[in-house]
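Everything below concerns the one structure shown next.
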Amino acid sequence: EAGVAQSPRYKIIEKRQSVAFWCNPISGHATLYWYQQILGQGPKLLIQFQNNGVVDDSQLPKDRFSAERLKGVDSTLKIQPAKLEDSAVYLCASSSRPGGGGKNIQYFGAGTRLSVL
Amino acid sequence: LAKTTQPISMDSYEGQEVNITCSHNNIATNDYITWYQQFPSQGPRFIIQGYKTKVTNEVASLFIPADRKSSTLSLPRVSLSDTAVYYCLVGGGADGLTFGKGTHLIIQP
């Protein structure tokens, strides 16, 4: 079974530029998550999709971050314009379980490391 | 989501058994306890999950006392490749996970 695919692996941009990250979840996984991981910290949830609908985007800085999952499969996370503090690893994860229930195993991609100069 | 507390770091030696304890005093009735492992430059990887008593798989064991206010991840006979950050999380449903800073486990030869 293929895992969660993310691209690019690395990206270096200057502040105020825009950048986009792509994620392809595990086939059949309805739930998709984007996390931000700053060096030395645990991942922080940015947004959660259930199929192509947003379930939780309470921690997404909506003035500069946007995300979409138009066909309920692949997803794109965009930052425009980038700030220095956006330097982090952006992780995508997917899960087969829909809402409700106790068990929820998330499968993570390798992430995209963003450096904003 | 229930908050978790775990040691910032631990170290051990190859061949030893390592136990990492996590406190989660406010765990809810329908919450599961899940542990993830993260290596540098990789995303977190699921290790084990449990609700109560003991769970064992090919990688680790998870011990959960009756009150479920804590849990212990046990790694048998660790090797250098077990050096990683280990996260303890509690929650239910398909919500996004709330990660703490995790436990940095360093295995020495």
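Any read-out appearing in this document is the output of simple, stated calculations on the displayed coordinates, not a laboratory observation. In this text the structure is predicted, and so the values were computed from the model without any measurement. Neighbour counts run over all protein chains shown; Cβ positions are idealised from the backbone, glycine included.
Worth pointing out:
- Diagonalising the gyration tensor over the Cα atoms of chain B and scaling each eigenvalue by 5 before taking the square root yields semi-axes of 23, 15, 12 Å, largest first.
- Cα-centre dipole for chain B with unit charges at Cβ (Lys and Arg positive, Asp and Glu negative), debye to 20: 240 debye
- Peptide packing: for B:95-101, A:6-12, the average count of neighbouring Cβ atoms within 10 Å per residue gives the ranking B:95-101, A:6-12, highest mean first.
- Nearest-20 debye value, the protein assembly as shown charge dipole, Cβ charges on Lys, Arg, Asp, Glu: 360 debye
- Per-residue ³J(HN,Hα) for region A:39-50, Karplus 6.51 cos²θ - 1.76 cosθ + 1.60, θ = phi - 60°, Hz, x for Gly and Pro: 3, x, 10, x, x, 10, 5, 9, 7, 10, 10, 10
- Orientation-averaged projected area, Cα convex hull of region A:5-116 (nm²): 6.6 nm²
- Straight-distance crosslink candidates among lysines, where the alpha carbon sits under 22 Å from A:LYS62 and sequence neighbours closer than 8 are dropped: A:LYS11, A:LYS15, A:LYS44, A:LYS71, A:LYS78, A:LYS83
- Look at the stretch A:45-55: the mean tally of other chain Cβ atoms within 10 Å of its residues' Cβ atoms is 1.
- Loop-located trypsin sites (Lys or Arg not before Pro) in region A:61-117 (DSSP state not H, G, I, E or B) with no more than 11 neighbouring Cβ atoms inside 10 Å: A:LYS62, A:LYS71.
- Amide H to amide H distances under 5 Å link B:ILE106 with B:MET10, B:ASP11, B:SER12, where only residues 5 or more positions off or on other chains count and H is placed in the peptide plane.
- Gyration tensor verdict on the protein assembly as shown (Cα atoms; rounded if a/c is under 1.5, prolate if a/b is larger than b/c, oblate otherwise): prolate
- Taking packing as the residue-averaged number of other Cβ atoms within 10 angstrom, the listed peptides B:31-39, A:40-48 run from highest to lowest as B:31-39, A:40-48.
- Counting Cβ atoms of other protein chains within 10 Å of each residue's Cβ and taking the mean over peptide A:3-11 gives 1.
- Note on chain B: lysine pairs with Cα distance below 18 Å, sequence gap of 8 or more or different chains, count 5.
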